Amino acid sequence: MPAVEHNACRRCIRPLEFTLAFVILLMIGWAYYLYVFEFCVRIYGFKTIFLTCLCVLSLTGFHIILILYLLTFFGALCIGNNLIPEQYHLDDSVFEELKRLQSVDERENILSRLIVERELRILERDLDGNIRVCYHCRWLKPDRTHHCSACGVCSLKLDHHCGFLGVCVGFYNYKYFVLFMPYTLLFVVYSVLTSLPYWFLRPPFQKPVDPYNTVIFAQIICAYYIGLTFGVLVTAFGFAHVLLINRNKTTLEDMRDPRFIWGRSNNAYNLGCIQNWKQVFGQHPLIWFLPIPAGMGNGYEFPLNDFDKMSKSPSKSVLASETCPCAGLKKTEEAPLSTQRNGRKFGGEKDSATATTTLSLLREMRKRRSFLPLSPRAPSFDFKLNESSEISDVPFDFKDV
């Protein structure tokens, strides 16, 4: 589909997405009216002490759950994820130069130098093994950041674009979005269970039939059906996200493994189940289920798991065939840089200048010690580059601490 037609379709769909969010609010308001005014006030009322206590307790629990439910809803709806630091932004001069260049290697050299100069830590690469750049928003994409074609912006740790809310779910609102699902089920189940006495205390049907009671009865049946159906669907969707949190993966990463400078990995951000939950919900488990911002990290730098284990794994090891400037990383082994890059031979005379630049960049990274972030359980490592190292033979040494 051409870009113009695609953008036109998105402009037509966007109002529909916000309409769905407005419909959810209307359903919450409708449920509030039925529960408070029909169940508690009209049926329970304040006729006896028992009914008065039952009414007060039911209303108290209902409003507490409702407040938490609305906080998760508006948190997921209103909190944005496009707060990318300014140092990742491409200046006009750099952006125009990138557009002018036709060679991929020349672009990579410019971007690599920019990363070193600004002391950025970007480990993920695109499908071709190149540094990820968003030419729509003019950003050097931080790790786990993606451009949303629906919203038209880059979002930190983008999970997916939610069609029901019309927003991107990412680093800052992911906790609210995940909590929105169990609170939906809790709101529905609480309302249904505490309204069961209605069927025993409601006024009996009389002849002629009261139209008001008939309408209320029909609304209650519809509310039960819609609420329970929506609760079951949201619960199933929430269970899928629980599995993703256990592995510290986003929906996009679950669909396609991210690619790093050392190759693909489907387990790079997995720090263990407890640490993964802390990354999303906060350090203390007591605040995990409260709709307050408590996630760990800054949204553009993420700790990695045991890099040494990844390097030993045959399928996840840093192979010389990977297309990245640091291709050939192997523990205590020398790896030639004569690799395949973008479908062609790399390391020949044609690419000697690029290889020389790569060596100088690696030496600069080594001096600044900002090459890889490590989690608390991951070993640190060093790699040494001799000034006299040949372009075709670059040794890397790892050392556990």
Among the residues of the stretch 58-93, what is the count of those that are open to solvent by less than 50 Å² (accessible area, probe 1.4 Å), assigned to a loop (DSSP other than H, G, I, E, B) and either of a type outside the set (Gly, Ala, Ser) or touching a Lys or Arg at 6+ places or on another chain (Cβ under 9 Å) (or both)? 4
Sole residue being open to solvent by less than 70 Å² (accessible area, probe 1.4 Å), at pLDDT below 90 and either over 30 Å from SER149 (Cα atoms) or among the hydroxyl-bearing types (Ser, Thr, Tyr) (or both), chosen from GLY231, GLY227: GLY227
The residue from CYS134, CYS55 that alone is open to solvent by less than 40 Å² (accessible area, probe 1.4 Å) and modelled with pLDDT under 90 is CYS55
Kindly indicate whether ARG144 is basic (Lys, Arg), over 20 Å from LEU20 (Cβ atoms) and over 17 Å from the mean Cα position of the chain (by Cα). no
Scope the stretch 235-283; condition among the charged types (D, E, K, R), under 20 Å from PRO142 (Cβ atoms) and open to solvent by less than 40 Å² (accessible area, probe 1.4 Å); matching residues: LYS249, GLU253, ARG259
Taking the criterion of being over 30 Å from GLU38 (Cα atoms) and either crowded, with 17+ Cβ neighbours inside 10 Å or over 18 Å from the mean Cα position of the chain (by Cα) (or both), would at least one residue in the stretch 177-190 satisfy it? yes
Scan of the stretch 173-190 for residues that are over 11 Å from LEU77 (Cα atoms) and of a type outside the set (A, V, I, L, M), ordered by number: LYS175, PRO182, TYR183, THR184, PHE187, TYR190
Which pairs have Cβ atoms under 9 Å, sit 6 or more apart or on different chains, and link a residue in the stretch 117-129 that is in a loop (DSSP other than H, G, I, E, B) to one that is aromatic (Phe, Trp, Tyr) and open to solvent by less than 10 Å² (accessible area, probe 1.4 Å)? ARG118/TYR88; LEU120/TYR88; ILE122/TYR88; LEU123/PHE260; LEU123/TRP262
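The values are calculated or read from the model by the stated rules, or taken from the named source; none is laboratory data. Note that the structure is predicted; figures quoted are calculated from it, not measured. Note that we place each Cβ from the backbone using ideal geometry, even for glycine, and neighbour counts take in every protein chain shown. Each accessible area value is taken on the protein alone, full model and side chains, heavy atoms only, with ligands, DNA and RNA left out. Shrake-Rupley method; radii C 1.70, N 1.55, O 1.52, S 1.80 Å.
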